[in-house]
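The values are calculated or read from the model by the stated rules, or taken from the named source; none is laboratory data. No experiment lies behind these values; they were computed from the predicted model shown. Every residue, glycine among them, receives a Cβ derived from its backbone with ideal geometry; neighbour counts consider all protein chains shown.
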Amino acid sequence: MHTRWRRGLILTAAVGLFLAACGDAEPQEDEPGDPETSTEESEGSQGEDPSGDASGEEELDEEALEDLLAGQEDLSDPNEDVVDGVYRGNGVVLPVPQGWSIDPAAMMQGVVAAFPEDGSQQLTARAIDTELAEAGGAQPIELQTLVDTVRQQIAQDAAIDEEVDLGGADRAFRLSYPDLPGQQEGQPDTGITLVLAESGELVGEFVYSAASAAYDEEIVSLLVEEAGFDPDSEVPAPAPAPAP
């Protein structure tokens, strides 16, 4: 299952901008057109050396996750918390379409991630308490900054860029990119919809991504209409900000 989670992170070219903002709220201007690179760097901010080799980081992440999973066999299955096709927990609400399941390995990183059996699509959600993050050394996390960061990191205009209503949110923005070209030779084109939102001191990222051939507007609608913040669950503490 954790292999699918890794594949999902690579597929979701823009997911991770949210996490990167916890360490640096300013857009990364050295590579404005490479959102996939920012994804890999954001994972490095959770305890890895972001200056290390990307392929080496992936191998280390896999091994570390194997060890972690081996010692956590008694963890509860998040799929048991899916009721009527919706997961509520970790401060978020995420639709889980029929035939999809939530990956426990992603939960261990504070991310709720749902996949169909073939792993060709993904839905993810994460909320961060900005007060706790900033108390831990992160730069101030602001919704508008996150939205602007996505716009600058992805080297094409969004097909849809609009403010939307999201469950439990004070404000939310939707950015949809149904046909992003693969970043490397042999990689498929990717479709992505991100909803970035805030609710009081919480900031959230809700993402649907898929290879463009599998990109499904019905799943996009499901995300926009049913995702949101869950006031009845606790948001996980954010990872410590990386050392400067």
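Results, tabulated for the structure shown:
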| quantity | calculated |
| --- | --- |
| Matching residues in the stretch 88-109 - criterion: being within 19 Å of GLU201 (Cα to Cα) and out of contact with any helix residue (DSSP H, G or I) (no Cβ under 9 Å at 6 or more places or on another chain) | GLY91, VAL92 |
| Residue satisfying all of: in the stretch 99-147; β-branched (Val, Ile, Thr) and in a helix (DSSP H, G or I); farthest from ALA214 (Cα to Cα) among these | THR130 |
| Check on GLU217, surrounded by fewer than 16 Cβ atoms within 10 Å (Cβ to Cβ), farther than 28 Å from PRO78 by Cβ and charged (D, E, K, R) | no |
| Hits in the stretch 121-135 (condition: surrounded by fewer than 19 Cβ atoms within 10 Å (Cβ to Cβ), touching a residue at least 60 places away in the same chain (Cβ under 8 Å) and either under 16 Å from LEU223 (Cα atoms) or not acidic (Asp, Glu) (or both)) | LEU132 |
| Residue match in the stretch 135-149 (condition: of a type in the set (D, E, K, R) and at pLDDT below 85) | no |
| Pairs, first among the charged types (D, E, K, R) in the stretch 82-102, second crowded, with 18+ Cβ neighbours inside 10 Å, C-beta under 7 Å, six or more apart | ARG88/ASP230 |
| Residues located in the stretch 154-183, provided they are in contact (Cβ under 8 Å) with a residue 40 or more places away in the chain, part of a loop (DSSP other than H, G, I, E, B) and closer than 25 Å to SER120 by Cα | ILE154, ALA155, GLN183 |
